[in-house]
Structures are given as C-alpha cells and as structure tokens.
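Working notes, structure below.
The values are calculated or read from the model by the stated rules, or taken from the named source; none is laboratory data. In this text, all values refer to a predicted model and were calculated from it rather than measured experimentally. Counting neighbours? That spans all protein chains shown, and the Cβs are built from the backbone with ideal geometry, glycine included.
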Amino acid sequence: MRGLFQLLRFSAVGGAATLLHYGVAATVMLFDATALMANTIGFAGAFGFGFLGHQRFTFHDGDTCGQRSLAKYCAVSLGSFLSGQTLLALILTFPWMPETTALFLTIILVAAVNFLLSRNWAFAAAPKPRPGGDAKRAKYLYGE
C-alpha cells in the first residue's frame, strides 16, 4: 500500500512539474523557439520544483541525505533530459506529428523512467549496515 501512495504522490508532484515544464516550453514556442530549445527551457524551469517536491513530499519517508539526493536527482534528471531530447528529435522526424504533441509524448515517457530511478536510487534510503556486513562498501555506495 505504501508503494501505491508513493506512486500517487509522485504522480501529483511529477504531474505538476510536467505541466510546468510543458507550459514553459509551449509558451517559449509561441516566440518561434524550436521544440528542442523550448524543451531545454521548460526542463530548466521545472527542475527545482521537481526536486523539492519529490524530496519533501513524494519520498519524504526515506532516510535520505539532501545533498546526496540532489546529486543523484541531478544525474537522473540530466540523463532523462538528454534521452528525452534524443527521443524528441526522433519523434520530430515524423512530418505528421505536431511539435507540441511530440513534446508532450516525450515528457510523459521520460516521467515514467524518472519515477523508477528516483524511487530506487536518487531518493532511496541508504541500507542500514548489517552486523558483520560490508560497512566500507555501504559507505562507498551511499556516502555514509
């Protein structure tokens, strides 16, 4: 049940961040920016909102370090952004696909991957060392 509530919280925060991303990008496109440029600006506009929302609301129940989570979230987001830009460029090769539709599809697909990476890595609580466990390995992996 906890996973369902977490998915619902992620959907709420991610949905709001996606709307912000899309709204900024669509607005920028009104000023004759390309979809790829508009997507870059929309991503930048939604990044901080997404991180704070997920840290404080979606994944708040984890025992996570803010700086470590920010670094991991940044890696997840930048990786997702770059793969999203690539996907968007590929979708835009279809001449029948409107740019705004291509942008929306890309954002939705990337959001699904973001949830999995954010939940399982960026905001995952560091495991508690087991007695006799490999504390050095845990320190290396999780910075504790």
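Residues of region 29-45 include at least one that is touching a Phe, Trp or Tyr at 6+ places or on another chain (Cβ under 7 Å) and closer than 17 Å to A112 by Cβ. In the condition set (1) within 23 Å of F104 (Cα to Cα); (2) part of a loop (DSSP other than H, G, I, E, B), G15 is compliant with all but (2).
Counting the residues of region 18-33 that are in contact (Cβ under 8 Å) with a residue 12 or more places away in the chain and under 16 Å from V110 (Cβ atoms) gives 6. Identify, from the list T27, T34, T64, T86, the residue that is at pLDDT below 85 and of a type in the set (S, T, N, Q). Sole residue among the options that is at pLDDT below 85 and of a type in the set (S, T, N, Q): T64.
Before we move on, is T34 of a type in the set (S, T, Y) and more than 21 Å from R2 (Cβ to Cβ)? Answer is yes for this residue. All told, T106 meets the bar of being touching a Gly at 6+ places or on another chain (Cβ under 7 Å) and polar (S, T, N, Q).
Which one is farthest from L105 (Cα to Cα), of the residues in region 34-91 that are in a helix (DSSP H, G or I) and among the charged types (D, E, K, R)? It comes out as R68.
With A102, A89, A111 as the choices, which residue is farther than 19 Å from G50 by Cβ and either touching a Ser or Thr at 6+ places or on another chain (Cβ under 8 Å) or crowded, with 18+ Cβ neighbours inside 10 Å (or both)? None of the other options fit; the residue is A102.
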